[in-house]
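**Student:** First, the structure itself, so that you have it in front of you.
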Amino acid sequence: MALVNKNYANLKESYLFADIAHKVADFQKANPDKKVIKMGIGDVTLPLSKVVCDAMAKAVAEMAVKESFRGYGPEQGYDFLHDALVKYYASFGVELESTEIFISDGAKSDCGNITDIFDNSNTILIPDPVYPVYLDTNVMCGRNIIYMDGTPENNFLPMPDENVHADVVYLCSPNNPTGAVYNKEQLEAWVAWAKANDAVILFDAAYEAFVTDPAIPRSIFLIEGAKECAIELCSLSKTAGFTGTRCGYTVVPHALVRKNADGKEMSLNKMWLRRQTTKFNGVPYIIQRGAEAVFSPEGVAECRASIAYYQENARIMMEGLDKVGIKYFGGVHSPYIWLQCPNGMGSWEFFDFLLNELALVGTPGAGFGKNGEGYLRLTAFGSRENTIEGIERLVAKLGK
Ligand SMILES: *Cc1c(COP(=O)(O)O)cnc(C)c1O
C-alpha cells in the first residue's frame with residue numbers, strides 16, 4: 001500500500017491570492033465602468049532588457065547549428081555564468097570561488113530543495129510575517145518550526161534572542177513582504193548567533209539589486225565569518241525581470257561544514273552538488289546566456305534603469321502616504337511598501353475599503369502571518385501612470 005506524505009495534511013490552505021482575485025472580479029462585475037488599479041502585484045511588469053534578449057537570440061541561433069548545438073550542460077551551471085557571477089559578487093566586495101555558486105531555475109525551487117540536505121530533526125526558525133515558501137517547504141518535511149516576531153517595535157527586523165535555540169534560520173533582506181532591510185550590525189549579530197548555536201542561516205537575497213546604500217550589505221557574505229554559517233539564495237527574477245524566464249543562483253561556501261546525526265563532518269557544498277547532480281539537470285543554455293548578459297556592463301546598466309523606474313514608483317507612493325499620514329515600512333531598498341492600515345482597520349477591512357471606495361487593490365498583510373494583521377502590502381511594480389493615478393485617488397479620499 002502506497003502511503004503518502006502525511007505532512008501535506010498539515011499545510012494550511014492558502015486562499016490569499018484566490019480570495020483577492022474573487023473580490024476584484026466581483027467588484028469589476030458590479031462596477032464595469034470603474035478602472036481597477038492593481039497595486040498588489042508581486043511580479044515585474046517591465047520587459048527584459050535588450051542585451052539579455054539579444055544574448056538569448058544568439059544562443060537560439062547557436063542551437064540551430066550542428067557545430068554549436070548543446071545538449072545536457074553541467075547540472076550546476078556553465079562556467080561562463082559562474083565567471084560572470086564571481087565578477088558580480090567581487091564588484092560589491094565578496095570573493096567567491098566559482099565552485100561555490102550553483103545555477104538554478106530560481107530561488108523558490110532552491111528554497112524548497114535546500115531542505116534535502118538538512119536532517120528532519122532540525123528546529124527551523126522563521127520570521128513572521130514572511131514569504132510563505134520557507135514555512136510550507138518545512139511543513140512538508142514535518143519539521144519543528146518556531147517563529148520570531150516582526151513588529152513595528154523592531155521595524156519588522158527580528159533579531160536573535162539568546163534564549164532561542166534553532167538549527168536553521170531563514171532571513172530575507174530586503175524583505176518580502178515588509179520591505180525592511182537589515183544593516184551590517186544586525187547581520188553581524190545573526191552570524192554571531194548562528195556560530196554560537198552551530199546553526200545555518202539561509203539568506204534570501206532576491207531583492208539585493210534594490211539596495212542603493214553601499215553601507216547596507218547586499219550579501220550575507222559581506223559579514224565576517226558568514227562563509228562558515230550561511231547559504232545565500234538569489235535570483236534574477238527581481239534583479240532583471242526573469243520571473244517568467246527562470247534563473248537563479250545559490251551560494252554554498254566550501255567553508256560551510258556541519259555534522260550529521262552520526263557525528264560525521266560533511267561539506268554542505270559537496271552535499272548540495274550531489275543533490276543537484278542527482279535530481280536536477282541544469283538551466284537551459286539559452287537562459288544561462290541571457291543571465292550572463294545581465295551581468296555585462298550594458299546588462300547591469302539596463303537592469304538598474306528598470307529598478308530605478310520601480311524605485312521612482314515607490315517614492316511617489318511614499319510621498320502620497322506621507323501626505324495622508326499613513327505610517328509605512330520599506331519602500332526604499334525594496335519594491336514593497338508595508339503600510340499600517342489607518343484608523344485601526346484590519347488587513348481585510350482596509351483591503352475592502354480600498355477596493356470598494358477607490359478601486360485600488362493591495363495585498364492584505366494578514367496573508368503573510370499573524371503579525372501581518374493590521375498591515376497591507378503595496379508594490380511598486382506597476383506602471384508609472386497607474387501608480388500616480390492610484391496614489392492620487394488615495395490622497396483625494398483620505399486627505400480630507
Ligand atoms: C520573488 C522572490 C524570490 C524569487 O523567486 P524565483 O523563484 O527566483 O522567481 C525569492 N524569494 C523571495 C522572498 C521573493 O519574493
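**Student:** Can you give me the distance in nm between label points at T277 and D322, each placed 7 Å from the Cα along the Cα-to-Cβ direction?
**Tutor:** With each label point 7 Å from Cα toward Cβ, the separation is 5.5 nm.
**Student:** Evaluated at 37 °C with a viscosity of 0.692 mPa s, what Stokes-Einstein diffusion coefficient in µm²/s does segment 295-341 have when Rh comes from the Kirkwood expression over alpha-carbon pairs?
**Tutor:** Rounded to a whole number, D works out at 282 µm²/s.
**Student:** Which FRET efficiency, nearest 0.05, do K370 and S296 yield, Cβ-Cβ r, R0 35 Å?
**Tutor:** The pair K370/S296 has a calculated efficiency of 0.20.
**Student:** Tell me the net charge near N371. Cut-off is 12 Å between Cβ atoms, N371 excluded, with +1 for each Lys or Arg and -1 for each Asp or Glu.
**Tutor:** -3
**Student:** Separate question: Which order results if V139, V65, V200 are arranged by neighbouring Cβ count within 10 Å, fewest first?
**Tutor:** Working: V139 17, V65 8, V200 22.
So the residues, fewest neighbours to most, are V65, V139, V200.
**Student:** Between E97 and D116, how many nm apart are label points set 7 Å from Cα along the C-beta direction?
**Tutor:** According to this spin-label approximation, the distance is 2.2 nm.
**Student:** Select from D110, D322, D167 the residue whose mean-square fluctuation is largest in a Gaussian network model of the chain (Cα-Cα springs shorter than 10 Å).
**Tutor:** Fluctuation is largest for D322.
**Student:** Here is a further query. Can you tell me how much longer the chain between D149 and D161 gets when fully stretched, taken as 0.36 nm per residue apart minus their C-alpha distance, in nm with one decimal?
**Tutor:** 3.2 nm
**Student:** Assuming R0 = 35 Å, can you tell me the calculated FRET efficiency for the pair I388 and C53, based on Cβ-Cβ distance, to the nearest 0.05?
**Tutor:** Taking R0 as 35 Å, the efficiency between I388 and C53 is 0.80.
**Student:** Same structure again: How many percent of DSSP beta bridges within segment 197-308 run antiparallel, rounded to 5? Intermediate values should be presented prior to the final figure.
**Tutor:** On the way: 7 of 11 bridges.
Just about 65 percent of them are antiparallel.
**Student:** May I pose another question? Given a cut-off of 32 Å, name the pairs among K238/K370; K35/K58; K108/K397 whose C-alpha atoms lie farther apart than that in the structure shown.
**Tutor:** Values: K238/K370 26 Å; K35/K58 41 Å; K108/K397 38 Å.
In this structure, K35/K58; K108/K397 lie more than 32 Å apart at Cα.
**Student:** Taking 2.2 N^0.38 Å as the expected size of a compact globular protein, what ratio does the Cα radius of gyration of segment 211-299 give against it, to two decimals?
**Tutor:** Output field value: 1.31.
**Student:** Sticking with this structure for a sec: Would you mind working out the magnitude of the charge dipole of the chain relative to its Cα centre, with +1 at each Lys and Arg C-beta and -1 at each Asp and Glu C-beta, to the nearest 20 Debye?
**Tutor:** 840
**Student:** A further question follows. Among I337, I307, which comes first, then next, by fewest other beta-carbon atoms within 10 Å?
**Tutor:** If I rank by nearby Cβ atoms, fewest first, I get I307, I337.
**Student:** OK, next. Do me a favour and compute the ellipsoid semi-axes for the chain from its Cα gyration tensor, root of five times each eigenvalue, largest one first, whole Å.
**Tutor:** The equivalent ellipsoid of the chain has semi-axes of 34, 27, 21 Å.
**Student:** In addition: If you build the convex hull over the alpha carbons only and average its shadow over all orientations, what do you get for segment 280-361? Give it in nm² to one decimal.
**Tutor:** Quarter of the Cα hull surface area: 8.7 nm².
**Student:** In what sequence do F156, F17 fall when counting other Cβ within 10 Å, fewest first? Provide the component values of the computation, followed by the final result.
**Tutor:** On the way: F156 24, F17 12.
Least crowded to most crowded, the residues run F17, F156.
**Student:** Can you tell me the 0 to 90 degree angle between the C-alpha axis of helix 268-279 and the longest principal axis of the chain, rounded to 10?
**Tutor:** Once rounded, one gets 80 degrees.
**Student:** Give the residue from S267, I286, P217 lying farthest towards the positive end of the charge dipole for segment 191-317; charges sit on Cβ (+1 for Lys and Arg, -1 for Asp and Glu) and the dipole is referred to the Cα centre.
**Tutor:** Of the listed residues, the answer is S267.
**Student:** Let me ask you something else. Taking segment 1-46, how much of its Cα-Cα pair set, in percent, is spaced more than 16 angstrom apart?
**Tutor:** 61
**Student:** Taking only Cα atoms, what is the 0 to 90° angle, nearest 10, from helix 79-91's long axis to the longest principal axis of the chain?
**Tutor:** 60
**Student:** If one takes the longest principal axis of the Cα atoms in the chain, at what angle in degrees, from 0 to 90 and to the nearest 10, does the Cα axis of helix 50-63 lie?
**Tutor:** Compared with the principal axis, the helix lies near 40 degrees.
**Student:** Would you mind checking segment 102-124 for residues with the amide N under 14 Å from a putative spin-label position 7 Å along Cα→C-beta of A261?
**Tutor:** Output list for this probe position: 117-123.
**Student:** Nothing charged except the Cβ atoms of Lys and Arg (+1) and of Asp and Glu (-1): what's the magnitude of the dipole of segment 261-344 about its Cα centre? Round to the nearest 20 debye.
**Tutor:** Charge dipole of segment 261-344: 400 debye, to the nearest 20.
**Student:** Could you sort 383-389, 123-129, 369-375 so that the peptide with the highest average Cβ count within 10 Å comes first and the rest follow in order? Working shown, then result.
**Tutor:** Working: 383-389: 15.3, 123-129: 22.3, 369-375: 19.7.
Going by the mean number of other Cβ atoms within 10 Å, highest first, we get 123-129, 369-375, 383-389.
**Student:** Among DSSP bridges having both ends in the chain, what percentage is antiparallel? Round to the nearest 5.
**Tutor:** Counting only bridges with both partners in the chain, antiparallel ones make up about 50 percent.
**Student:** Another question, then. How far is it, in nm, from the label point at I41 to the one at L11 when both lie 7 Å from their Cα along the line to the Cβ?
**Tutor:** About 2.6 nm separates the two model spin labels.
None of the figures in this text is laboratory data; all of them are computed from the coordinates on show. Quick caveat: nothing in here was measured; it's all calculated off a predicted structure. Glycine also receives a Cβ, built like all others from the backbone with ideal geometry; neighbour counts cover every protein chain displayed.
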